[in-house]
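Step one of this worksheet: look at the structure below.
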Amino acid sequence: MKLVLATRNPHKLRELAEVLERVDLLPLPDQVDLPPETGETFAENALSKGRAARAATGLPTIADDSGIEARALGGRPGVRSARFAGPDASDQENLDLLLAELRDADDRHVAYVCALAYVDVDGGEQLVEARCEGELATEPRGSGGFGYDPAFVPADTGADDPRTMAELSLTEKNAISHRGRAARKLATLLADPAKAGGAG
């Protein structure tokens, strides 16, 4: 099955390709413009991007929208995670701002959230969502991953494991991450041709 991934983020393409082993995941063509992420939820943004990519390519598409929610900040940055420090902010600038805003917080609970939209060739839509709970470290560690990974300590690795997402191997990360979990839900859906719109 050939699917277009509606993103220009090579890290997301790599992560999803490892989980969706039986899918030929194609990068978004350079000439395709995606709509701005103006939705108030991850689901709205994922569906909007998926619809646009399918309309432009004529192929079934997968679109992701994901981010981090800090409980002490009332769920911020949420859907604005990629532009938390400004519309053109780098991953490092976004991470630095989140660390600064939680510097004196007693509650350092954070959660990664991912919505994955699948849009078939006929425009039929399916949506899956997943979460990964954790704590925000006081300073970044590790060279793997991207985004907020260097300061995200996942709960799933256990209380005795202080490693951040950026210190895990890609296989370890995919086993517990929000995107890995959502991708496995999607893989189950795609294994059923009736639910996947018969795409093949």
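The values are calculated or read from the model by the stated rules, or taken from the named source; none is laboratory data. None of these values were measured; they are calculated from a predicted model. Note: ideal-geometry Cβ built from the backbone for every residue, glycine included; neighbour counts use all protein chains shown.
Go through region 166-176 and give me each residue that's in contact with an Asp or Glu (Cβ under 8 Å, 6 or more places away or on another chain) and at pLDDT 95 or above.
Of everything in region 166-176, those that are in contact with an Asp or Glu (Cβ under 8 Å, 6 or more places away or on another chain) and at pLDDT 95 or above turn out to be 166, 176.
Give me the pairs, please: first residue somewhere in region 125-136 and in contact (Cβ under 8 Å) with a residue 12 or more places away in the chain and within 19 Å of residue 43 (Cα to Cα), second residue anywhere and among the hydroxyl-bearing types (Ser, Thr, Tyr) and outside any strand (DSSP E or B), beta-carbon distance under 9 Å, and either six or more positions apart or on two chains.
From residues that are in contact (Cβ under 8 Å) with a residue 12 or more places away in the chain and within 19 Å of residue 43 (Cα to Cα), the pairs are 128/188; 130/177; 132/177.
Please work out if residue 153 is in contact (Cβ under 8 Å) with a residue 12 or more places away in the chain and more than 22 Å from residue 9 (Cα to Cα).
So residue 153 fits the description; yes.
Looking at residue 150 and the list (1) at pLDDT below 95; (2) assigned to a helix (DSSP H, G or I), which single condition is not satisfied?
For residue 150, the exception is condition (1).
Only one of 121, 113, 153 is over 17 Å from residue 82 (Cα atoms) and under 17 Å from the mean Cα position of the chain (by Cα); which?
153
Which condition number in (1) part of a strand (DSSP E or B); (2) among the small types (Gly, Ala, Ser); (3) touching a Ser or Thr at 6+ places or on another chain (Cβ under 8 Å); (4) closer than 25 Å to residue 192 by Cβ is the one that residue 130 fails?
Going through (1) part of a strand (DSSP E or B); (2) among the small types (Gly, Ala, Ser); (3) touching a Ser or Thr at 6+ places or on another chain (Cβ under 8 Å); (4) closer than 25 Å to residue 192 by Cβ one by one, residue 130 breaks only (3).
Among the residues of region 11-28, is there at least one that is touching a Gly at 6+ places or on another chain (Cβ under 8 Å), in a loop (DSSP other than H, G, I, E, B) and not aromatic (Phe, Trp, Tyr)?
Within region 11-28 (the criterion being touching a Gly at 6+ places or on another chain (Cβ under 8 Å), in a loop (DSSP other than H, G, I, E, B) and not aromatic (Phe, Trp, Tyr)), the answer is no, since none of the residues qualifies.
Would you be able to tell me the number of residues in region 73-105 that are touching a helix residue (DSSP H, G or I) at 6+ places or on another chain (Cβ under 8 Å) and farther than 24 Å from residue 182 by Cα?
Residues meeting the conditions: 9.
Please work out if residue 68 is of a type in the set (A, V, I, L, M), more than 29 Å from residue 124 (Cβ to Cβ) and in a strand (DSSP E or B).
yes
Does residue 59 qualify as being part of a loop (DSSP other than H, G, I, E, B), modelled with pLDDT of 90 or more and aliphatic (A, V, I, L, M)?
Spelling it out, residue 59 is indeed part of a loop (DSSP other than H, G, I, E, B), modelled with pLDDT of 90 or more and aliphatic (A, V, I, L, M).
Limited to region 15-36, what total is found for residues that are in contact with a Lys or Arg (Cβ under 8 Å, 6 or more places away or on another chain) and either under 19 Å from residue 130 (Cα atoms) or modelled with pLDDT of 95 or more (or both)?
3
Considering only residues that are out of contact with any strand residue (DSSP E or B) (no Cβ under 6 Å at 6 or more places or on another chain) and among the hydrophobic types (A, V, I, L, M, F, W, C), which ones fall in region 64-78?
If the condition is that a residue be out of contact with any strand residue (DSSP E or B) (no Cβ under 6 Å at 6 or more places or on another chain) and among the hydrophobic types (A, V, I, L, M, F, W, C), then 72, 73 are the ones that fit.
Applying the selection to region 104-119, what residues are of a type outside the set (A, V, I, L, M) and either at pLDDT 95 or above or within 19 Å of residue 78 (Cβ to Cβ) (or both)?
106, 107, 108, 109, 112, 114, 118
If we keep just the residues of region 47-65 that are of a type in the set (S, T, N, Q) and out of contact with any helix residue (DSSP H, G or I) (no Cβ under 6 Å at 6 or more places or on another chain), which is farthest from residue 122 (Cα to Cα)?
The residue in question is 48.
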